[in-house]
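To start, the structure itself, in structure tokens.
What follows is calculated from the coordinates using simple rules that are stated; it is not laboratory data. All of these numbers come straight from a predicted model, not from anything done at the bench. Using ideal geometry, Cβ is built from the backbone for each residue, glycine included, and neighbour counts are taken over all protein chains shown.
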């Protein structure tokens, strides 16, 4: 069987461009077609070099993962790790859906493996299928969260006194350590410090305006979180902040997103 390197290059160039463009559009980050094309050229060249020189090591999972890290960074040029992580995950989801769509269409129409107009058309078609499917799932996900109140009533027992908080569910807070999710709460009075001084704790690192700080997260049990329809009793690591968490004073505690998914082992009442 004859393998034409120019076909391999063009095929991977089209597919990589489609997947990267689709990923960035779904993630809703700055779209730059020149950066996407550059990343696609690098990826396609990688595949050609691998085939031409028969470098089996370039086909290892670790090597492919490093390539994905590289081309995603070039395409997105993210300002934060959160944006990069979102694009990284979406990239693989888009790839899986697009490849699956291509396989199904190829089997239905008995398409040839050689690059041609039909194959290029299918790649472009997978772009619309993947974008519609994943974009729809993302909208459903966002709508589901918006249907639920993001503010919860939280009660903590410290030293025999019940402190009531207004907790805001922050989907960006997924800090999980020592078997518990981490939440951030304002220090309501000095008596709280005495009540928690003998509690077990662990250190967590936080980043604020580029500054990395190490703070104590006290492990508290029996935290009661409630909404209009549900109530949970959970254990969590609580970082007490000696500052106001909300500029508008809408809440005084930042809840962990894991609380929403109920994956921390809380007891639903």
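Once the piece of chain linking residue 109 and residue 174 is laid out straight, how much longer is it, given 0.36 nm per residue of separation minus the C-alpha distance between them?
Working it through step by step, the gained length comes to 18.9 nm.
What is the fewest-to-most order of 170, 242, 16, 189 by other Cβ atoms lying within 10 Å of their Cβ?
With the sparsest Cβ surroundings first, the list reads 242, 189, 170, 16.
What is the distance in Å between the Cα centroid of the stretch 213-234 and that of the stretch 18-59?
Measuring centre to centre over Cα atoms gives 43 Å.
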